[in-house]
Amino acid sequence: MMNASQRLFLALFLSLEIVLTNSLSFNLILLLCFNALVIYRKIAWKRYGTYWLVAIIPSFGSFWSFYLYAQGDLAMRLHTGLVMGSRVIVLIFLGAWLVNGTKEAVLLQSLQQNLHLSNTFIYGMLAALNFMPRFKQAFQNIQAASQMRGVTLRWYQPTLYFKALIQAIQWSESLAMAMTAHGFQEGAKRSAYQQYPFKKIGFYWIALIAIVSVAMSYLPY
Amino acid sequence: MPLMVKNLSFSYREKQLFSDFSISLESGDFVLLMGPSGCGKSSLLKTLAGIYPQYGGKISGSSSINGCLLAEEKANDRAKQVGLLFQNPREQFVMQTVEEEFAFTLENLSVDPKQMSEKIDEVLERVGLSDFRKRLLSELSGGELQKVALAEVLLTGAKYLLLDEPFAAVDQASRADLQGLLASLAKEGYAILVSDHDDHGYLDKITAFYSFASGHFEPVEKEQWPKKKERKEVRIQKKQNRPVLFDLKNVAIENDQRHLIHQVELAITAGEWTLVTGPNGSGKSSFLKVLARLLKADGSMTYLGHDFSKWKKKDYYRQVTMLFQNSLDQFINITVEEEIQQVRQQSYQKLYWTDEKVSKVISTLGLDGLSNRSVYTLSGGQQKKLQLLLMVVMASPVLLLDEPLAGLDSESVRAVLALMTEVKDNLNITLLVVSHQVDQLASLVNRHLTLQNGEFVDEEVVAI
């Protein structure tokens, strides 16, 4: 229905609307919708549970501070607390909908094709994302290498990060050389193996959702 | 139109690496370049590919094709003419999968998207990796990565192929396959310049041979080329009745959801020097990682009679250490001096490693004069030798070595093996070595395990 860039636009629009709207019903309807969409993606239950776990503390904290210290009587403070608390959960599930339906590489390449972002920026981001598993492995190796040499490096010790940083600088230089050797030239014209064009129907959906959501923001309570 | 190189000199951080290199590389040429570790082979190839001086160093002289200076061409135009295969296979890919990586290169060269798929299949078939299109690069072995890198270079359509020690982590069979492929590419009209430490398999295929001496790469007359070695089998000198260190039963090792090894029973005994061989991607490195507790596996695995996954890591790593395939993973300080001092302080054999002995080994390995250098600016060979020095000075009872000879010239290999023999005999260290370079190892090891169809088999001989 929507390409990756259009999904991002919709997510950004709804995020903005969520933070500007003072309606609990609006938040709850969106939460139900995005929860259903995330479950529809058939993600692992562990991951789904993690979203709730991540959401629960900031959501409760937000609710509690507004409930206790916001202006107005008890009913108003309760309403404000619930709006603020539910807002955190909706935003997390909106983000979950976006990332579970779109591969990072596809989103970046789609943005490059649709918004003509710099290739250097896009491939820099892609390379950084691809480095993540290597970072994880590197941390494990650095810790093991240190222990094999009689030094225990804990996760909170700067030496571990310093070493990882040096490796990252080293990688980035090697990677830049490899990109150059494989013909990457900043600003040069490139073709595209996969095309991610805007879809007309995607804009209709964005317009429809925008109209409905704006209308919903006037719901009582 | 040849690739003309005239009086090319290169210096890095005020140090001249090579000077006055000239060559006319023409269609059909297959040139082998040999020289000791750190002499500048990688820098020469990077300079020819236009990577230097863009990424550092100073050059004088020129390299050009049809009168166009390569250093002045745009990267996407240059890549269509000159392809470079890097020494470290893990540091030459941008994307996650083989297909995405190849598409990236084709996109850089503005190839028509309709032709891309076909081209990708074509080059993968050429290097014998037809079913690798969707594979994750992070899960491939060193040898598989080099084949993918070669395929990527072929994909660019470049007719001048520069290969920087392409077979350092490739098994003998794949090495022979790829050398045959390079020879056939040369016959088809490609011009190939390859640097290597080992002349094995090249001598009946190359058209020219360059060697490094006194700061120069000079052509060697055909009569003076190294002689082709005859293949032979070396019988293993086995040791009997040793106490068991590692005892493995029903062990299953997987990587990238691929079943690699299922071993019903395997024991590694104390004081042995075991050589582990097998095809690329068969699981040799994964096996060492399991013993070093860097990779999980199913089954019963004990060290000195106790399940080693239950040992505290700190205690386990006092017993078992590993020489990583990637040297940079081993270093925890910045300079060579800091690294050596650190292991001397922590060594389990402080009395053995006297000042005199350490200095002698540093000198034997050709690492003298480098004490203030950052470990990150050493050449690949120097890093490998330093890495080995550090681990033998630590002198844990068991040392696992993953490709300790990769990227080393023959003199360095001799020095490294002499050092390993010395510490094994004097300190009774158990060595377990994964290596594709077996020529000089064969007469030293006490056991030879080969991985065949996912299972280790004890061999009586090592074929060299």
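The values are calculated or read from the model by the stated rules, or taken from the named source; none is laboratory data. Note that the structure is predicted; figures quoted are calculated from it, not measured. Virtual Cβ from ideal backbone geometry, glycine too; neighbours counted across all protein chains shown.
Looking at this structure, is B:L32 under 25 Å from B:S412 (Cα atoms) and modelled with pLDDT of 90 or more? Considered against the rule, which asks whether it is under 25 Å from B:S412 (Cα atoms) and modelled with pLDDT of 90 or more, B:L32 comes out as yes. Only a single item in (1) touching a helix residue (DSSP H, G or I) at 6+ places or on another chain (Cβ under 9 Å); (2) assigned to a helix (DSSP H, G or I); (3) over 30 Å from A:S65 (Cα atoms) is not met by A:Q140, and it is number (1).
Can you tell me which residue in region B:316-359 is farthest from the other protein chains (Cβ to nearest Cβ), limited to those that are in a helix (DSSP H, G or I) and surrounded by fewer than 15 Cβ atoms within 10 Å (Cβ to Cβ)? Before you say what the answer is, go through the steps one by one.
Restricting attention to region B:316-359, the residues satisfying the condition of being in a helix (DSSP H, G or I) are B:316-319, B:327-330, B:336-346, B:355-359.
Keeping just the survivors that are surrounded by fewer than 15 Cβ atoms within 10 Å (Cβ to Cβ) gives B:337, B:341, B:345, B:355-357, B:359.
On the way: B:E337: 15, B:Q341: 12, B:Q345: 8, B:D355: 19, B:E356: 22, B:K357: 19, B:S359: 20 Å.
So the residue we want is B:E356.
In the set B:V220, B:V234, B:V244, B:V276, only one residue is touching a Phe, Trp or Tyr at 6+ places or on another chain (Cβ under 8 Å), closer than 21 Å to B:E459 by Cα, among the aliphatic types (A, V, I, L, M) and modelled with pLDDT of 85 or more; that residue is B:V276.
If we scan region A:1-15, do we find a residue that is more than 24 Å from A:L129 (Cα to Cα) and over 16 Å from the mean Cα position of the chain (by Cα)? Scanning region A:1-15 turns up at least one residue that is more than 24 Å from A:L129 (Cα to Cα) and over 16 Å from the mean Cα position of the chain (by Cα). Of all residues in region B:129-139, those satisfying the criterion of being closer than 19 Å to B:L260 by Cβ and at pLDDT 85 or above are B:L129, B:D131, B:F132, B:K134, B:R135, B:L136, B:L137. Among the criteria (1) among the β-branched types (V, I, T); (2) within 14 Å of chain A (Cβ to nearest Cβ); (3) in a strand (DSSP E or B), the one B:T302 does not fulfil is (2). Residues in region B:189-236 that are assigned to a loop (DSSP other than H, G, I, E, B) and of a type in the set (F, W, Y): 3 in all.
In the set B:V434, B:V462, B:V413, only one residue is in contact with an Asp or Glu (Cβ under 9 Å, 6 or more places away or on another chain) and farther than 28 Å from B:Q240 by Cβ; that residue is B:V413. B:G283 passes every criterion in (1) modelled with pLDDT under 90; (2) exposed (fewer than 14 other Cβ atoms within 10 Å of the Cβ); (3) not acidic (D, E) apart from (2). May I ask you to list the residues in region A:145-168 that are free of Cβ contacts under 8 Å to residues at least 12 places away in the same chain, away from chain B (no Cβ under 11 Å) and either surrounded by 15 or more Cβ atoms within 10 Å (Cβ to Cβ) or part of a helix (DSSP H, G or I) (or both)? Matches in region A:145-168: A:P158, A:Y161, A:L165. Residues in region A:102-144 that are facing chain B (nearest Cβ under 7 Å) and touching a residue at least 60 places away in the same chain (Cβ under 8 Å): A:Y123 only. Residues that are more than 12 Å from chain B (Cβ to nearest Cβ) and either among the hydrophobic types (A, V, I, L, M, F, W, C) or assigned to a helix (DSSP H, G or I) (or both) within region A:169-210 comprise A:F198, A:K200, A:I201, A:G202, A:F203, A:Y204, A:W205, A:I206, A:A207, A:L208, A:I209, A:A210, listed in sequence order.
Yes/no matrix, rows are residues, columns are (1) on the phi > 0 side of the Ramachandran plot; (2) at the interface with chain A (Cβ under 9 Å from one of its Cβ atoms); (3) touching a Lys or Arg at 6+ places or on another chain (Cβ under 6 Å):
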position: B:R78; (1), (2), (3): no, yes, no
position: B:N88; (1), (2), (3): no, yes, no
position: B:E91; (1), (2), (3): no, yes, no
position: B:L106; (1), (2), (3): no, yes, no
position: B:M116; (1), (2), (3): no, yes, no
position: B:V127; (1), (2), (3): no, no, yes
position: B:S130; (1), (2), (3): no, no, no
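Select from region B:94-104 the residues that are under 28 Å from B:E73 (Cα atoms) and of a type outside the set (V, I, T) and write down the one among them that is nearest to the other protein chains (Cβ to nearest Cβ).
Of all residues in region B:94-104, those under 28 Å from B:E73 (Cα atoms) come to B:94-95, B:98-104.
From what's left, of a type outside the set (V, I, T): B:95, B:99-104.
On the way: B:M95: 7, B:E99: 9, B:E100: 7, B:E101: 8, B:F102: 9, B:A103: 4, B:F104: 7 Å.
Among those that are under 28 Å from B:E73 (Cα atoms) and of a type outside the set (V, I, T), it is B:A103.
Of B:L295, B:L288, B:L323, which residue is under 29 Å from B:R175 (Cβ atoms), touching a Lys or Arg at 6+ places or on another chain (Cβ under 7 Å) and touching a residue at least 24 places away in the same chain (Cβ under 8 Å)? Explain how you work it out, then say what you get.
On the way: B:L288 fails: touching a Lys or Arg at 6+ places or on another chain (Cβ under 7 Å); B:L323 fails: touching a Lys or Arg at 6+ places or on another chain (Cβ under 7 Å).
Matching residue, one of B:L295, B:L288, B:L323: B:L295.
Kindly establish whether A:L165 is at pLDDT 90 or above and more than 20 Å from B:F93 (Cβ to Cβ).
On the way: at pLDDT 90 or above: no; more than 20 Å from B:F93 (Cβ to Cβ): yes.
Taking the combined requirement at face value, the residue does not satisfy it.
All of (1) facing another protein chain (nearest Cβ under 9 Å); (2) at pLDDT 90 or above hold for B:E188 with one exception: (1). Of the set (1) in contact with a Phe, Trp or Tyr (Cβ under 6 Å, 6 or more places away or on another chain); (2) assigned to a helix (DSSP H, G or I), all apply to A:L219 but (2).
In the list B:G157, B:G142, which residue meets the criterion of being more than 12 Å from chain A (Cβ to nearest Cβ), of a type outside the set (D, E, K, R) and out of contact with any strand residue (DSSP E or B) (no Cβ under 7 Å at 6 or more places or on another chain)? Quick ask: steps written out before the conclusion?
Details: B:G157 fails: more than 12 Å from chain A (Cβ to nearest Cβ).
Just a single option satisfies the conditions, and that option is B:G142.
Here B:K15 passes the criteria (1) within 12 Å of another protein chain (Cβ to nearest Cβ); (2) under 26 Å from the mean Cα position of the chain (by Cα) except the one numbered (1). Which one of these does B:V251 not meet: (1) closer than 21 Å to B:L427 by Cα; (2) in contact with a His (Cβ under 9 Å, 6 or more places away or on another chain)? Status for B:V251: all satisfied but (1). For beta carbons closer than 6 Å, sequence separation of 6+ or different chains, a first residue in region B:436-464 that is of a type in the set (S, T, Y) and a second that is assigned to a strand (DSSP E or B), the qualifying pairs are B:S443/B:V234; B:T450/B:T277; B:T450/B:V457; B:T450/B:E459.
Do we have B:I261 as more than 9 Å from chain A (Cβ to nearest Cβ) and more than 30 Å from B:V375 (Cα to Cα) here? The answer is yes for B:I261. Scanning region B:17-36 for residues that are in contact with a Gly (Cβ under 7 Å, 6 or more places away or on another chain) and in a strand (DSSP E or B) returns B:L17, B:F18, B:S19.
Taking the condition of being free of Cβ contacts under 8 Å to residues at least 60 places away in the same chain, within 14 Å of another protein chain (Cβ to nearest Cβ) and buried (at least 21 other Cβ atoms within 10 Å of the Cβ), how many residues in region B:360-394 meet it? Residues flagged as free of Cβ contacts under 8 Å to residues at least 60 places away in the same chain, within 14 Å of another protein chain (Cβ to nearest Cβ) and buried (at least 21 other Cβ atoms within 10 Å of the Cβ) within region B:360-394 amount to 6.
State all residues of region B:254-285 that are outside any strand (DSSP E or B) and more than 27 Å from B:L304 (Cβ to Cβ); if no residue qualifies, say none. Before the answer, list the steps.
If we filter region B:254-285 for residues that are outside any strand (DSSP E or B), which is where we start, we get B:256-257, B:270-272, B:278-285.
Of everything in region B:254-285, those that are outside any strand (DSSP E or B) and more than 27 Å from B:L304 (Cβ to Cβ) turn out to be B:D256, B:Q257, B:P279, B:N280, B:G281, B:S282.
All of B:G67, B:G28, B:G57, B:G50 fail the test of being surrounded by fewer than 17 Cβ atoms within 10 Å (Cβ to Cβ) and over 23 Å from B:F167 (Cβ atoms), apart from B:G67.
The residue list B:L294, B:L275 contains one member that is under 22 Å from A:Q143 (Cα atoms) and either out of contact with any Leu (no Cβ under 6 Å at 6 or more places or on another chain) or crowded, with 20+ Cβ neighbours inside 10 Å (or both), which is B:L294.
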